[in-house]
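What follows is a set of notes on a single structure, which appears directly below.
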Amino acid sequence: MSVLVFIEAADGVVKKSSLEAVSYGFKLAGASVTAIAMGSISSDELAKVGAAGAAKVLHIADSRLDNGVIQAYASALTQAVDKTGADTLVLATSSLGNAVAARVAVSMQAALVSNVVDLPETGSGFKVKRSIYTGKAFAMTEVTTAKKILAIKKNAVEIKEDGAAASVEALVVNLTDADFAAKITSVDKAEGDVLLPEADIVVSGGRGLKGPENWGMIEDLAKSLGAATGCSKPVSDMDWRPHHEHVGQTGVKVSPSLYIAVGISGAIQHLAGVNSSKYIVVVNKDPEAPFFKAADYGIAGDAFEVLPKLTEAIKAAK
Ligand SMILES: Cc1cc2nc3c(=O)[nH]c(=O)nc-3n(C[C@H](O)[C@H](O)[C@H](O)COP(=O)(O)OP(=O)(O)OC[C@H]3O[C@@H](n4cnc5c(N)ncnc54)[C@H](O)[C@@H]3O)c2cc1C
């Protein structure tokens, strides 16, 4: 099996989900994994790709690829697949990754499986386990094509950390004006130190916080952890918090290592946005709140008493 892993970066920083994809590729194919990175990315960032399991990193250092233009990425990636002769492309499931993978699948005549959560079963055929229905069920998908694209769900794989350095080689591909026909002319980032969709830790508040004037407690806890802040839908509907913080089925879907839910009941529509978090901690004064069933750790108590103590304890531990 010849595996190529597509690396996504934002502002020159390789995404954690891409490092997970590299480690998945390493588990799949061992030390022969090659990764492909595009745009302006420093050698330190490319070294992380090697540490996560890639033996070789191909780098298309074209600054026009800094902005995530889907068609250009798809064109560059298709050429990289051709040049390396890879039969399996691995990447992280993401909005950009899904759009790029779909286009490359057509050119490669490959089957595309997204939201993959485990290594394939290869005893008879090639069967891949994937997460479906926003994480509430799993499906086994049989892939019968020679070429395959596997898009890995966030937090499904531990990042390999004992890897050696990778060799980095420049790769030149032919990109035309047509590849850049759709241009991103400006990017307005949501406010806040840590962006919610990419955050590794999220502290979210619900209607149990009683009003926007009490959000200082959530922000203090988030700050002590270097976390992003989120909220439930009614909270943003009532304008207690901005809409881009609304987490759930109809809002942002997050996949942090740690999701702390404070004063949120745990309705199924909220859980749909958080159930690929690695660990969930719930603070709720009602011990029967449904969120406790989805939690790894729970504190049954009044948020107004628990949160200041939790924040102080975290600050002291640091
Ligand atoms: C089509 C549809 C789509 C939806 N999409 C979403 C979505 O994307 N995201 C989303 O969040 N919701 C969504 N909802 C709404 C969802 O069904 C719930 O109504 C909502 O999640 C409840 O928000 P909440 O938990 O903040 O409020 P509540 O249900 O009112 O829960 C408040 C919780 O706070 C606890 N509490 C109260 N006081 C304290 C205190 N002092 N300390 C600690 N805990 C306390 C209570 O015990 C309670 O569990 C959707 C609904 C529909 C119909």
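Please treat every number below as a calculation from the coordinates, not as lab data. Note that the structure is a prediction, hence the values are computed from the model and not measured. Positions of Cβ are backbone-derived with ideal geometry, glycine not excepted, and every protein chain shown enters the neighbour counts.
I'd like the orientation of helix 95-108 relative to the chain: the angle between its Cα long axis and the longest Cα principal axis, in ° from 0 to 90, rounded to 10.
Relative to the chain, helix 95-108 is tipped by roughly 20 degrees.
Report relative contact order for the stretch 143-297 in percent, whole number only (criteria: Cα-Cα under 8 Å, sequence separation at least 6). List each step's numbers first, then the result.
Numbers: 234 pairs, mean separation 31.6, N = 155.
Over the stretch 143-297, the number comes to 20 percent.
Could you tell me, in Å, what Rg and Dmax come out for the Cα atoms of the stretch 113-269?
20.5, 59
Working out 0.36 nm times the residue gap between residue 47 and residue 181, then minus their Cα-Cα distance, what length gain in nm do you get to one decimal? Intermediate values should be presented prior to the final figure.
Numbers: separation 134, 0.36 × 134 = 48.24 nm, distance 3.22 nm.
Here the segment from residue 47 to residue 181 would lengthen by 45.0 nm.
Could you tell me the extents of the stretch 196-317's C-alpha atoms along the three principal axes, largest first, rounded to whole Å?
36, 28, 28
Mind checking the full-extension length gain between residue 318 and residue 124? Use 0.36 nm per residue of separation minus the Cα-Cα distance, one decimal, nm. Write down the numbers at each step before the final one.
Working: separation 194, 0.36 × 194 = 69.84 nm, distance 5.08 nm.
Gain on stretching residue 318 to residue 124: 64.8 nm.
Taking 0.36 nm per residue of sequence separation and subtracting the Cα-Cα distance, how much length would be gained by fully extending the chain between residue 13 and residue 133, in nm to one decimal?
Going from the current span to full extension adds 40.1 nm.
Evaluate E = 1/(1 + (r/R0)^6) for residue 200 and residue 144, where r is the Cβ-Cβ distance and R0 equals 30 Å; express this FRET efficiency to the nearest 0.05.
Details: r = 37 Å, r/R0 = 1.24.
Calculated transfer efficiency: 0.20.
Rounded to the nearest Å, what's the spacing between the alpha carbon centres of the stretch 205-269 and the stretch 15-42? Just the number, please.
32
Arrange 20, 198 by Cβ neighbour counts within 10 Å, fewest through most, would you? List each step's numbers first, then the result.
Values: 20 23, 198 16.
By the 10 Å Cβ count, ascending, the order reads 198, 20.
For 38, 108, 217, what ranking results if the residue with the fewest other Cβ atoms within 10 Å of its Cβ goes first?
On the way: 38 26, 108 23, 217 20.
Final ranking by Cβ density, sparse to dense: 217, 108, 38.
Round to the nearest 0.05 the FRET efficiency obtained for residue 67 and residue 257 when R0 = 45 Å and r is the Cβ-Cβ distance. List each step's numbers first, then the result.
On the way: r = 27 Å, r/R0 = 0.61.
The calculated FRET efficiency here is 0.95.
What's the angle, to the nearest 10 degrees (0 to 90), between helix 303-317's Cα axis and the longest principal axis of the chain?
For helix 303-317, the angle is close to 60 degrees.
Over the stretch 73-152, calculate the relative contact order: mean separation of alpha carbon pairs under 8 Å at least 6 apart, over the residue count, as a percent.
Details: 128 pairs, mean separation 28.5, N = 80.
After rounding, I find 36 percent.
May I ask for the angle, rounded to the nearest 10°, between helix 216-225 and the longest principal axis of the chain, with both axes built from Cα atoms and the value confined to 0 to 90°?
The two axes meet at around 40 degrees.
In the chain, what percentage of the DSSP-assigned beta bridges are antiparallel, given to the nearest 5?
Antiparallel bridges make up about 20 percent of those DSSP assigns within the chain.
Using helices alone, what [θ] at 222 nm do you get for the chain, with -39,500 (n - 2.57) per DSSP H run of 4 or more residues, divided over all residues and rounded to the nearest 500? Please report the intermediate quantities before stating the final value.
Details: 8 runs with 86 residues, N = 318.
For the chain, the value works out to -8000 deg cm²/dmol.
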